[in-house]
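**Q** Could you have a look at this structure, given as structure tokens, before my questions?
The values are calculated or read from the model by the stated rules, or taken from the named source; none is laboratory data. Predicted model, so just to flag it, every value in this text is computed and none were measured. Backbone-built Cβ (ideal geometry, glycine too); neighbour counts: all protein chains shown.
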Amino acid sequence: MAGKIQLNLDGQQINTFVSYFKSLPKKPATTIRFFNRGDFYTVHGSDAEQASKSIFRTTSFIKTIGSGKDALDSLILNKNQFESYVKDLLLVKQYRVEVYTNPGKKSQSSWNLEFKGSPGNLSQFEDILFSSDNDQVLGNSVLGIKFDSKTKSVGVALVDNVDHCFSVAQFPDDDNFSNLESVIIQFGPKECVGASESSGDTDRLKKIAERCGVMFSVRKKSEFSLDGLTQDLNRLLKFKDGQQQNAQAIPQMSLEVAMASLSAVIKYLELCSDTENFGHFKIQNLDRQRFVYLDSAAISALSVYSTAENSSRSNPTTIVDLLDKCRTAQGHRLLHQWVKQPLKDILVVNERHDIVELLCNDTVLRQSLYEESLRRVPDLHVLSKKLERKKSNLQDCDRIYQAMEKLPTLIKALEECNDGEPHPSLRDSISEPLKDNLKDMEKYQEMVGSTLDLGLVDKGEYLVKAEFDDDLQKLREKMDELEEAFERELNRAARDLSLEPKKTLKLESNSQLGYFFRVTLKEEKTIRNNKNYPQIDTNKAGVRFRSTKLLDMNEDYLATMEQYSEHQQSIVNEVISIAAGYSGTLQHISYIIARLDVLCSFAVVASCSSKPYVRPKMLPQGSGVMKVTEARHPCVELVDNVSFIPNDIEFTKDSLFQVITGPNMGGKSTFIRRLAILL
């Protein structure tokens, strides 16, 4: 507990630190400052109260240092509490974080700002935030915004530091920044960056971003300059073969307002300070015209999605809650993206409808995908990004290997549907691209299969095969001998306790504890108060314990395994380095799987609805006809004790405007909303 850690400072040091803390520049309440004190961290002032309520659900852990006017509330956090709280601040609450350190533990007035992070700038907290699979590693883009008051145009630059992509656009806008609001809604940045302007435009931009639920950071106006941008892009961009290696020649440079926004975001994220970013980024136009216009008012009025953490799929109140039956993490993300970006292209929409209709009609295929194939696919996008950054381990490599081993079964099911003649849309957009990318992964499968000892994976051990090295072979032989000794000790302990080995007395292992015995709670009395069998812990699965001999052998086994892991590290590094080359292919596979998952989710919703969903007949834009028969609101009809009355809706070139009248609570708003949702 943090309460056992003491802040060992004398009176003079406390006074010095309090004076330093109060001299720091003022900050917004959404910025939390931490002070790294080596083995623990502290927060002070209003940050201490906020942290204590969030972590401990009470303020009783807060201590006051100093006295009188120099009194300062302080809270001590151990490293686990610090890491958990930082995750919550950056990924959930969308706050900023600053971490100060005292180099050499000098005077309490000698603190430096070592790390800082925000929802869109997580690079300095990568190891804390993404030490395990987390879908929040994705989608932490930053949108730079600059408004040119002379031309009344807005330049935006969306920087995705995970997918290594710059997307820029420049467009005219009105005084309410309607087009900008639509861009923020549709592309969902985690943070917006704008210039400090004296004209009041900055405040208006900030209000737009906050209305969309996005943090807004104000930067110096001088950062929104084209000076030095060409040099930065020359280092960051990955030029295509045959393309002139000069950023000045790319067509996006003509969008001066947008490129000024890009320059500011590059500085804000300090992309050029990390050489690993060099030669990895691509640049493209932000194509906002492909999607139907949506603003925050439309999102709210139509209940498209909820920002609340407790949104429910069992009682759906939003369109996303209703439609999201996805089985994979990448599918969940793609569905949210599709809902926020309704397409205008009728050909792409019809292609999606073709696949959904096929899955609706083929119950066997739909259930096979939903119940078996898709649920076994890990988050390949996250794994691919870990590979790309060379942050993976052998367990990640095995997860990718196992996923690739299951894909042929999925592809076979897709090819055998519709009596062996799959629909062209399914074949061309799903099964064939999946086959092609899976073929590109064959060498990866061979490498992992020949390197990783797959026989130990079920035991939670991820080790290189011993035959790669003589020293590894010797260590493996020692581990095998110890495992045989464990079995003998199991039989001896069973005789001593009058239990049946492998039935009432079991030998188990995991990566944290190594080997141990387990008996059920019913058999606990056989080892109670027995000094020869010290207990580890008790849970609903039973009691875990060891004999004194097993304890010694287990320590030897864990030490040997640690030697094995250290010795194999050079081989592991080489495997990870080679595997990183497959990250691009893995990303393609991830997108195809996500696409199939979303379309399967749509088919599940349509086929399992108590009232049938029908496929619409899409007409080209400009046809001047919209006819809906017995239209229903997909969410309202699911509300308990509501008998929904469907209505017909028809618009033609001769009837483009209709007036709806009726009493209060008579359904006028629902009538309008249902039409907007169906479209």
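**Q** Return the residues of region 565-575 that are in a helix (DSSP H, G or I) and buried (at least 19 other Cβ atoms within 10 Å of the Cβ); say none if nothing qualifies.
**A** 572, 575
**Q** Check 110, 19 and return the single one that is without any contact (Cβ under 8 Å) to a residue 40 or more places away in the chain, out of contact with any Lys or Arg (no Cβ under 7 Å at 6 or more places or on another chain) and not in a strand (DSSP E or B).
**A** Within the list 110, 19, the selection yields 110.
**Q** Condition test on residue 598, is it at pLDDT 95 or above and in contact with a Leu (Cβ under 9 Å, 6 or more places away or on another chain)?
**A** yes
**Q** Same structure, new question: Would you check if residue 181 is of a type in the set (Asp, Glu), at pLDDT 90 or above and not in a strand (DSSP E or B)?
**A** So residue 181 passes the test.
**Q** Mind listing whichever residues of region 268-311 are touching a Phe, Trp or Tyr at 6+ places or on another chain (Cβ under 9 Å), surrounded by 14 or more Cβ atoms within 10 Å (Cβ to Cβ) and modelled with pLDDT of 85 or more?
**A** 271, 272, 281, 282, 283, 286, 288, 299
**Q** If I go through region 313-368 residue by residue, how many of them are among the acidic types (Asp, Glu) and closer than 24 Å to residue 418 by Cα?
**A** Residues that pass the stated criteria total 4.
**Q** Show me the strands (runs of 3 or more DSSP E) found entirely inside region 480-560 where at least 2 residues are without any contact (Cβ under 8 Å) to a residue 12 or more places away in the chain and either farther than 28 Å from residue 466 by Cβ or in contact with a helix residue (DSSP H, G or I) (Cβ under 8 Å, 6 or more places away or on another chain) (or both).
**A** Because the criterion is at least 2 residues that are without any contact (Cβ under 8 Å) to a residue 12 or more places away in the chain and either farther than 28 Å from residue 466 by Cβ or in contact with a helix residue (DSSP H, G or I) (Cβ under 8 Å, 6 or more places away or on another chain) (or both), the strands (runs of 3 or more DSSP E) in region 480-560 that meet it are 535-539.
Every residue, every condition in (1) touching a Phe, Trp or Tyr at 6+ places or on another chain (Cβ under 9 Å); (2) within 20 Å of residue 233 (Cβ to Cβ); (3) of a type outside the set (Asp, Glu); (4) crowded, with 17+ Cβ neighbours inside 10 Å, yes or no:
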site	(1), (2), (3), (4)
162	no, yes, yes, yes
174	no, no, no, no
194	yes, no, yes, yes
197	yes, no, no, yes
203	no, no, no, no
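**Q** Would you mention how many residues in region 250-264 are part of a helix (DSSP H, G or I) and either outside the structural domain of residue 158 (by TED's automatic domain parsing) or out of contact with any Lys or Arg (no Cβ under 9 Å at 6 or more places or on another chain) (or both)?
**A** Going through region 250-264 one residue at a time, the tally reaches 8.
**Q** I want to confirm something. Restricting to region 423-462 and keeping residues that are without any contact (Cβ under 8 Å) to a residue 60 or more places away in the chain and in a loop (DSSP other than H, G, I, E, B), which single residue is surrounded by the most Cβ atoms within 10 Å (Cβ to Cβ)?
**A** Filtering region 423-462 for residues that are without any contact (Cβ under 8 Å) to a residue 60 or more places away in the chain and in a loop (DSSP other than H, G, I, E, B), the one surrounded by the most Cβ atoms within 10 Å (Cβ to Cβ) comes out as 453.
**Q** Tally up the residues in region 46-70 that are without any contact (Cβ under 8 Å) to a residue 12 or more places away in the chain and either closer than 21 Å to residue 119 by Cβ or not aromatic (Phe, Trp, Tyr) (or both), please.
**A** Final tally of qualifying residues: 9.
**Q** Taking into account only those residues within region 625-674 that are closer than 18 Å to residue 613 by Cβ and of a type in the set (D, E, K, R), which is farthest from the chain's Cα centre (by Cα)?
**A** 648
**Q** For residue 389, only one of the following conditions fails: (1) within 24 Å of residue 589 (Cβ to Cβ); (2) in contact with a Pro (Cβ under 7 Å, 6 or more places away or on another chain). What is its number?
**A** Here residue 389 clears every test but (2).
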